[in-house]
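Below: the structure, in structure tokens.
Readers should treat all values here as calculations from the given coordinates under stated rules, not as data from a laboratory. As the structure is a prediction and not an experimental result, all values here were calculated from the model. Note: ideal-geometry Cβ built from the backbone for every residue, glycine included; neighbour counts use all protein chains shown.
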Amino acid sequence: MKSAIKANVEQPAAHLRLVSDRAASGTAGITLSGVSKTYRSRDGDVPSLRPLDFHINEGEFFVVVGPSGCGKSTLLKMISGLLPPSTGEILVEGEQVTKPHGNVGIVFQNALLLPWRNILSNVMLPIDMKKLPREQYLARAKALLKLVGLEGFEKKLPWQLSGGMQQRASICRALVHDPKIMLMDEPFGALDAMTREKMNVELMRIQRETGKTVLLITHSIPEAVFLADRVLVMTERPGAIAAIYDVPLPRPRSLDAMADPAFSELVQRIRKHFFTQGTLD
Ligand SMILES: Nc1ncnc2c1ncn2[C@@H]1O[C@H](COP(=O)(O)OP(=O)(O)O)[C@@H](O)[C@H]1O
Ligand SMILES: [Mg+2]
């Protein structure tokens, strides 16, 4: 039987052409053209990312896996505008990224909720910072909390919630100003395995219901395959694209998708990159 798994790293020319065509037409989604990063430090230069070219489609669930220190967080910071690339160009929704911009919602590894604000005020933080009309967004914040199962916890302080609940609140905070794009840097890394699975299912549901474009970084290969439309596998630092795989699992997915032979086949295939290269985080 022929494998259903396709890697498109074998056709770099076609891939590059696709990126520049989209860049030229200013398509929605995220486009990276020749984006690299070298940190300048007193001890010398630290090359962190080789020039990367890829495009993330609007509404796509795109997941990046790679070894520790290969430049995953650097990539996410550059797309959010928090860090300038050393070379190349990043387009988000057709606009070049030159500074932090409101087109994205960001979720970090730890929930990073403000301890003195209750859950609802934490979710409302982007609205306050952007000075958007509070009344208009209050209903939205409450609806999001309901969507992630936190109805009734609006007035609680962060310490009164479990780690998983805090992380769900931080996802609401990233969604409240209705960005088209969600950038998530190992968002479930601090959670226990069962909570993590629940969060995966919930995140997929939110993504389906809101139609967001999601770029998620993880060091869990099964998590990557379970969530993604496509998985980008990175090499060791300085990070480059080792492969991009289409995930051949139908949607909507439940945890049963992990019992699909195509799931284990792709997980194995991605693991092989790291057996030959060294270890994952
Ligand atoms: N501010 C910085 N100055 C110098 N080197 C950095 C800085 N931030 C990250 N690095 C280096 O760049 C590489 C990539 O870092 P990072 O993007 O955090 O990797 P990852 O998220 O994949 O673990 C690492 O080797 C790290 O040491
Ligand atoms: Mg990181």
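Using Cβ contacts closer than 10 Å as the measure, can you line up 266, 91 from fewest to most? The partial results should precede the final answer.
On the way: 266 25, 91 21.
Going from sparsest to densest Cβ surroundings: 91, 266.
Classify the stretch 127-281: rounded, prolate or oblate, from the alpha-carbon gyration tensor (a ≥ b ≥ c, eigenvalue square roots; a/c under 1.5 rounded; otherwise prolate if a/b is larger than b/c)? Taking the square roots of the gyration eigenvalues as a ≥ b ≥ c, the stretch 127-281 is prolate.
So what is the diffusion coefficient of the chain in µm² per second by Stokes-Einstein at 4 °C and 1.567 mPa s, using a Kirkwood Rh over Cα pairs?
Values: Rh = 19.5 Å.
Roughly 66 µm²/s, to the nearest whole number.
Across the chain, the relative contact order, built from alpha-carbon pairs under 8 Å that are at least six residues apart, equals 26 percent. Rounded to the nearest 10 degrees, the inclination of helix 163-175 to the longest alpha-carbon principal axis of the chain is 80 degrees. For a straight C-alpha distance cut-off of 21 angstrom, the lysines reachable from residue 37 (same-chain residues fewer than eight places away being disregarded) are 72, 77, 99.
For the stretch 38-151, the alpha carbon convex hull comes to 175 Å³ per residue, rounded to a whole number.
Can you put 254, 264 in order of Cβ neighbours within 10 angstrom, beginning with the fewest?
Listed from fewest to most nearby Cβ atoms, that is 254, 264.
The antiparallel fraction among DSSP beta bridges confined to the chain stands at about 55%. For residue 242, the residues whose amide H sits under 5 Å from its own are 233, 234, 235, ignoring neighbours fewer than 5 places away on the same chain, with H placed 1.01 Å from N. Scaled against the 2.2 N^0.38 Å expected of a compact globular protein of N residues, the Cα radius of gyration of the stretch 113-178 reads 0.97. Ordered by the count of other Cβ atoms within 10 Å of each Cβ, fewest first, 185, 260, 43 give 43, 260, 185. Within the stretch 133-165, the trypsin sites (Lys or Arg not before Pro) that combine a DSSP coil assignment with at most 16 other C-beta atoms in a 10 angstrom radius are 155, 156.
Measuring between alpha carbons in the structure, the pairs from 212/272; 142/198; 146/180; 130/156 lying more than 28 angstrom apart are 212/272.
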